[in-house]
Structure formats: C-alpha cells, structure tokens
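See below for the structure under consideration.
The values are calculated or read from the model by the stated rules, or taken from the named source; none is laboratory data. If you're wondering where the values come from, they're calculated on a predicted model, not measured in any experiment. No Cβ is skipped: glycine too gets one built from the backbone with ideal geometry, and neighbour counts run over all protein chains shown. Each accessible area value is taken on the protein alone, full model and side chains, heavy atoms only, with ligands, DNA and RNA left out. Shrake-Rupley method; radii C 1.70, N 1.55, O 1.52, S 1.80 Å.
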Amino acid sequence: MAKTQLNVRVDEVTAEAARERALQRGMSVNRYIEELVRQDTGEVGHTFVEAAADFMKQYESVFAEEFADESAAAHESAAGHEFTASRRRREGGR
C-alpha cells in the first residue's frame, strides 16, 4: 500500500506518551499511530477475524478429532438433562 505523509500537531505530553508507547512496543511512532488508526476503524479486528476463520478452516479436522469425545460427552449430558426435565414435567414437577 502506498504511504502518504500526514502532519499532526499534539501537545508535548501526548507526543511523549506516543513515543514511550511506541518504544515499549518496539516500533516507530509512525507505525504506532498507524496501528491506532487501524484499530479505531476496525481494520485490525476484521483482519484478525479473517485470519482466525482461515486457521479454523485449515485445522478443522484436527480440532474435530481432538475434541470429538468431549463434544459427544457434552451432547449426551445435555440430552440426559433434557430427558430428566421432560420426565419431571410429565410427573407433575417432582
């Protein structure tokens, strides 16, 4: 993506805070400000969601295999609770 220059005037306290936060994160002030704007406009969140969806699609079979037993147990437990609640309703709420 082509870059364009943007000049911004802020008070010294804000400028120092931006410098400190950028330094803490190991990036330039320009990059720090750019990331703040992207976060504010939702671009970073959208990119994250897309990456997470791609990851889940790529590893769907691994997750299905790894958690199949837990999923089945949860389903059986839910079905058992529904059966018990249904029986209680038929027997008058006991």
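For the reader, a short list of remarks on this structure follows.
- Test: residue 32 is hydroxyl-bearing (Ser, Thr, Tyr) and touching a residue at least 12 places away in the same chain (Cβ under 8 Å): yes
- Inspection of the range 34-48 identifies at least one residue that is at positive phi and open to solvent by less than 100 Å² (accessible area, probe 1.4 Å).
One line per residue, one yes/no per condition, for (1) modelled with pLDDT of 90 or more; (2) open to solvent by 100 Å² or more (accessible area, probe 1.4 Å); (3) of a type in the set (A, V, I, L, M, F, W, C):
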residue	(1), (2), (3)
15	yes, no, yes
23	yes, yes, yes
26	yes, no, no
78	no, no, yes
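- Some residue of the range 40-59 being under 30 Å from residue 14 (Cβ atoms), outside any helix (DSSP H, G or I) and modelled with pLDDT of 70 or more: yes
- Breaking point among (1) assigned to a helix (DSSP H, G or I); (2) more than 30 Å from the chain's Cα centre (by Cα); (3) at pLDDT 85 or above; (4) not small (Gly, Ala, Ser), for residue 10: (1)
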